[in-house]
Structures are given as structure tokens and as C-alpha cells.
Amino acid sequence: MDAARRAGLAPGAFVAGLVADVPALSAGSSRADHTAALIASRGELSTLSRNIRHLTKLLREGNVHAALEYRDMLMTLDDDIRGHLTLASGVLADLRPRRPTSVASKPSVT
């Protein structure tokens, strides 16, 4: 199955995803594309984290002049984090089945 290969899945997993109505598969988009977008966003968040750690170090050292260079980053911090969370939640929602699979819907026996 060409569609399964493009999605980066085995044919059986692809068909199971279609049956479960996984939005990323039923819309014809690629699971790999969704994962790549999430990885890129996580990379940006990682850079942001390093910058905040460096800013904290500068402030602890009392180096206010150097710390002021981070002002613009801090002004957009809320939007940057919200953007990542919006992207991440959208990607995860698109990769999650809308309908429970037969295995997931069966109660577990202990």
C-alpha cells in the first residue's frame, strides 16, 4: 500500500488507523509530517529554555546590561509557549483515534 508507506506505517497499522479514524491518516496527511512539526517546535522550545537559563545566570551575577538583551525574547515568551502547546496538542489530537479500537474498548481483566 503506497498510502501506508507514505504515512510511515505498516499496511496493517495504517488500515487500523483508518478504521479508528485517526485524523492524520483519514485526512491523507503524513504521520511523519506531524512528527516533524512537533520535533521542530520542541527544538524551538529547547532553545528558549537555554536562553532563559542563561538569562537567569546573568541576573544572578548582576549583569543587568547583558540581561537586557533578552528583553525582546521575554516580551514574546507567552505567545511562543502557547504556540508550541497549541501545535503539540493539535499534532497529538491528529494522531489519536477518534473511535476506540476493539482492543482499547475492551475492559482489562486483572
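The values are calculated or read from the model by the stated rules, or taken from the named source; none is laboratory data. As the structure is a computational prediction, the values presented were derived from the model and not from experiment. Every residue, glycine as well, gets a Cβ built from its backbone with ideal geometry; the counts of neighbours run over all protein chains shown.
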Next item on the list: For region 45-62, indicate whether the set of residues that are basic (Lys, Arg) and either at pLDDT below 75 or closer than 26 Å to residue 2 by Cβ (or both) is non-empty.
Entry: no
Flagged pairs (Cβ under 8 angstrom, 6 or more apart or on separate chains; first in region 50-76, surrounded by 11 or more Cβ atoms within 10 Å (Cβ to Cβ); second of a type in the set (S, T, N, Q) and assigned to a helix (DSSP H, G or I)) are 70/51; 73/51
Apart from one, (1) exposed (fewer than 13 other Cβ atoms within 10 Å of the Cβ); (2) at pLDDT 85 or above all hold for residue 80; the odd one out is (1)
